[in-house]
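The structure appears right after this line, and notes come after that.
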Amino acid sequence: MTIKTIYTYTEDVLRQKAQPVEIFDKDLKTLIGDMIETMRIAPGVGLAAPQIGVSKRVIVIEFGDEYDEDIPDQLFVLVNPEIIHKSDETVAGIEGCLSVPGLVGEVERAQAVTVTGQSPDGKNIKIRAQGWLARIFQHEIDHVNGILYTDRTDEIWKPDHEEEDSI
């Protein structure tokens, strides 16, 4: 696995809708491995393929229980992810992004989402997420749709300290 350079907001690939994955092969698994390692080293809790310059609909997320740090983090890998349901209830939260280093902004997101996609082997997956995990899924799926969190906030700022994990 190779640590990849994380592209910043000035790169065109971050503003394009990523291409669907149609071939589930060794190259896809290599891409996913590189994404996981890059996310962990960054460090972040999520990464989308466009963030490393690859216009493919692939996301990785590693996040634990937001209320209990003793519960180990869970790794999610989704190919061709789509949000099929969002709760009516929304919540504002501070977000950062590995592709927008050093800045944060408050973003209103659905409290809960249902996401579908495929595993690295092409099997269908459905995930229901709420709270911060739902926020992370929305943030990463925005990336594969060419949207940055800065598009969803009225104000971005440099925090005095680390306010939240970079997504």
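Values quoted throughout were computed directly from the atomic coordinates according to the rules given, and no laboratory measurement underlies them. None of these values were measured; they are calculated from a predicted model. Neighbour counts are summed over all protein chains in view; Cβ atoms, including those assigned to glycine, are modelled from backbone coordinates with ideal geometry.
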Subject >> Fraction of beta bridges assigned by DSSP in segment 12-157 that are antiparallel (%, nearest 5) >> reply: 95
Original post:
Within the chain, what's the longest stretch lacking trypsin sites (Lys or Arg not before Pro) that sit in DSSP loops with no more than 13 other Cβ atoms inside 10 Å?
Top reply: 18-122
**OP:** Would you mind finding the longest exposed-site-free stretch of the chain, with exposed chymotrypsin sites (Phe, Trp or Tyr not before Pro) meaning DSSP loop and at most 14 other Cβ atoms within 10 Å?
**Re:** 68-167
Subject >> Low-density loop cleavage sites - GluC sites (Glu not before Pro) in segment 8-47, where at most 12 other Cβ are within 10 Å (DSSP) >> reply: Glu22
Original post:
What list do you get for Ile23, Ile125 if you sort them by fewest beta carbons within 10 Å?
Top reply: Ile23, Ile125
Subject >> Normalised per residue, the volume of the convex hull around the Cα set of the chain (Å³) >> reply: 114
Subject >> Estimated [θ] at 222 nm from DSSP helical runs (n ≥ 4, -39500 (n - 2.57)) normalised by residues in the chain, nearest 500 >> reply: -6000 deg cm²/dmol
Original post:
If you add up the charges near His143, with Lys and Arg at +1 and Asp and Glu at -1, over every other residue whose beta carbon is less than 15 angstrom from its beta carbon, what do you get?
Top reply: +1
**OP:** Given the options Leu47, Leu14, Leu103, state which has the largest fluctuation in a GNM of the chain using a 10 Å cut-off (strictly under) for Cα springs.
**Re:** Leu103
**OP:** Step through the residues of segment 24-29 one at a time and calculate ³J(HN,Hα) from phi using the Karplus curve (6.51 cos²θ - 1.76 cosθ + 1.60, θ = phi - 60°), rounding each to whole Hz and writing x for Gly and Pro.
**Re:** 9, 9, 4, 4, 5, 5
**OP:** Would you please give the residues with an amide H less than 5 Å from that of Gln19, counting only those at least 5 places away or on a separate chain, with H modeled from the backbone geometry?
**Re:** Lys56, Arg57
**OP:** Could you tell me the convex hull volume per residue, in Å³, taken over the Cα atoms of segment 48-128?
**Re:** 125
Subject >> Positive minus negative residues near Asp154 (Lys, Arg vs Asp, Glu; Cβ under 12 Å) >> reply: -3
